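Only one structure is covered here, and it is reproduced in the block below.
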Amino acid sequence: RLSESLSWFEHARQRLAPIDAEGHLARLLAERAETLSTVGMYETSKRAYEEAIPRLDEACLPVEAARARRGFGRTLLKIGELSSASTMLASAAIACEELSLFTERASVDLDRARLAISFGNMEEAQRLAYQALVRFQNKPVHEAEARLVLAHALLHHDPLRAESEIDAVEVLARRLDIPPVLVSVLHLRGQLRRSQGRLSLAVAAFSEAIDHADRIRGTVQADRCRAAIGQQHRQVFEDQLATLIEMGDENRTTQALVVADKMGRRVLLDQARRAATFQDAEVKNEDTDATHPDQREYTLLKEKLSVMYSQLADGIDETSFNVDRWRKKLRATEVQLETLELRLAACGEASYESSRLNIAELQLRLTSDTTLLQYAIVDEKIIAFVVTSDSVEMVRHLGNVHEIEDLLETFRFQVDRAVGSSADSRRRFPRMIED
């Protein structure tokens with residue numbers, strides 16, 4: 001129940017901020033960081049942990065500090081900072097042992113098992129997962145998590161035992177109706193079925209996993225969080241898409257197009273709604289005398305970003321202009337804006353619209369001289385679906401996603417630089433267009 005969680009954290013923060021309650025505030029920051037990590041906002045979670053852990057140490061809250069270090073280690077693991085994750089989890093393990101936090105220590109062992117999987121050490125992963133499982137007796141949610149990690153470690157070495165663990169997790173997850181666990185276990189089942197060549201069953205498992213992912217996504221009102229959840233579950237979409245393509249027939253190509261469209265639609269929907277939400281807030285504020293301080297700050301931060309881009313446009317040719325310092329200030333301002341957006345969205349209403357692409361209806365609307373292109377990513381390669389009024393085809397090998405991302409990042413930077421430029425820098429427009 002991620003939206004309720006973030007909303008209550010924001011209410012608590014507002015009450016604690018004006019009073020001298022450092023210990024409570026530090027604990028709040030750590031718990032909020034864990035929720036942000038669960039949502040998939042790993043970089044935001046990392047910054048929150050970096051702020052919270054020193055505060056917890058200063059407030060002499062060793063139990064909370066140990067838990068925060070475990071959560072921070074997991075977040076670092078998700079980001080891919082494996083060495084830092086290993087150090088943080090080792091520190092958490094020692095603290096949990098000293099404080100006799102046995103359940104928390106088992107959670108640390110589980111994260112260390114995930115780390116071992118990342119390093120390809122499946123035997124160590126199995127040992128740690130079993131060790132955690134023993135301590136999670138009569139704790140069904142924790143048990144499901146441990147069995148999932150164990151199934152991951154067994155997937156390619158002992159598929160029969162992996163399937164047994166998957167079955168046990170699915171029973172637990174369905175009985176307790178926990179969408180995040182259902183997404184994970186059904187995704188894993190799909191991967192197992194695909195490796196066995198049972199492609200239709202794999203597609204069915206991936207499809208149900210996506211349905212449960214949409215359940216989670218639909219309850220989260222902050223668009224940055226919803227986008228992060230979408231990114232977190234992106235691999236399920238990609239695996240489903242790859243399996244449909246692997247099946248190869250014309251009907252599966254059409255199904256693959258529907259999946260690709262849904263992937264793209266989610267991102268566009270979140271970005272469009274996010275822009276509309278804050279535009280609406282500004283319009284409402286113009287109609288009333290009372291403006292919420294956070295909304296005023298939001299407007300000021302947007303103006304500050306515009307000025308900063310203008311500084312780049314005007315100073316880029318000057319030897320005194322320090323681009324590195326400018327980038328750091330820009331990033332700090334963007335982080336402030338991101339934090340504020342989360343805060344403003346935390347008490348809003350959840351909404352999620354989703355509709356299914358109807359290929360037949362689409363083709364009726366395409367004229368004979370019109371072609372629709374829908375791009376997608378499969379196994380780090382870009383593909384395109386080509387739709388005309390009477391055919392649906394797929395074109396592969398259009399480029400490596402990382403090469404395209406680098407080019408896009410450069411392009412977006414130049415667009416932002418131009419959009420944020422001041423009126424008196426129009427003389428630089430030809431240069432900007434060329435850049």
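Structural remarks
- Set A92, A26, A48, A66: member being open to solvent by less than 20 Å² (accessible area, probe 1.4 Å), under 15 Å from R114 (Cβ atoms) and of a type outside the set (D, E, K, R): A92
- Within region 178-199, being free of Cβ contacts under 8 Å to residues at least 40 places away in the same chain and open to solvent by 50 Å² or more (accessible area, probe 1.4 Å) holds for S184, Q196, G197, R198.
- Number of the condition not met by S118 [criteria: (1) touching a Leu at 6+ places or on another chain (Cβ under 9 Å); (2) without any contact (Cβ under 8 Å) to a residue 40 or more places away in the chain; (3) polar (S, T, N, Q); (4) surrounded by fewer than 16 Cβ atoms within 10 Å (Cβ to Cβ)]: (2)
- One residue from T103, T38 being within 19 Å of the chain's Cα centre (by Cα), polar (S, T, N, Q) and in a helix (DSSP H, G or I): T38
- Of everything listed in (1) in contact with a Cys (Cβ under 7 Å, 6 or more places away or on another chain); (2) closer than 21 Å to V181 by Cβ, the single unmet condition for E4 is (1).
For every residue, the table says whether it meets (1) in a helix (DSSP H, G or I); (2) touching a Pro at 6+ places or on another chain (Cβ under 6 Å); (3) loosely packed, with under 10 Cβ neighbours inside 10 Å; (4) touching a residue at least 60 places away in the same chain (Cβ under 8 Å).
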residue: D369; (1), (2), (3), (4): no, no, yes, no
residue: A376; (1), (2), (3), (4): no, no, no, yes
residue: A384; (1), (2), (3), (4): no, no, no, no
residue: S389; (1), (2), (3), (4): no, no, no, no
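- Residues within region 121-177 that are open to solvent by 10 Å² or more (accessible area, probe 1.4 Å) and either within 18 Å of R193 (Cβ to Cβ) or among the charged types (D, E, K, R) (or both), tallied: 27
- Residue within region 72-79 that is surrounded by fewer than 20 Cβ atoms within 10 Å (Cβ to Cβ) and either in contact with a Ser or Thr (Cβ under 6 Å, 6 or more places away or on another chain) or under 22 Å from I216 (Cβ atoms) (or both) present: yes
The values are calculated or read from the model by the stated rules, or taken from the named source; none is laboratory data. Please read these numbers as outputs of a predicted model, since none were measured by experiment. Cβ: placed from backbone, ideal geometry, glycine included. Neighbour counts: every protein chain shown. When the accessible area is computed, the model is the full protein with side chains, heavy atoms only, and any ligands, DNA or RNA have been set aside. Shrake-Rupley method; radii C 1.70, N 1.55, O 1.52, S 1.80 Å.
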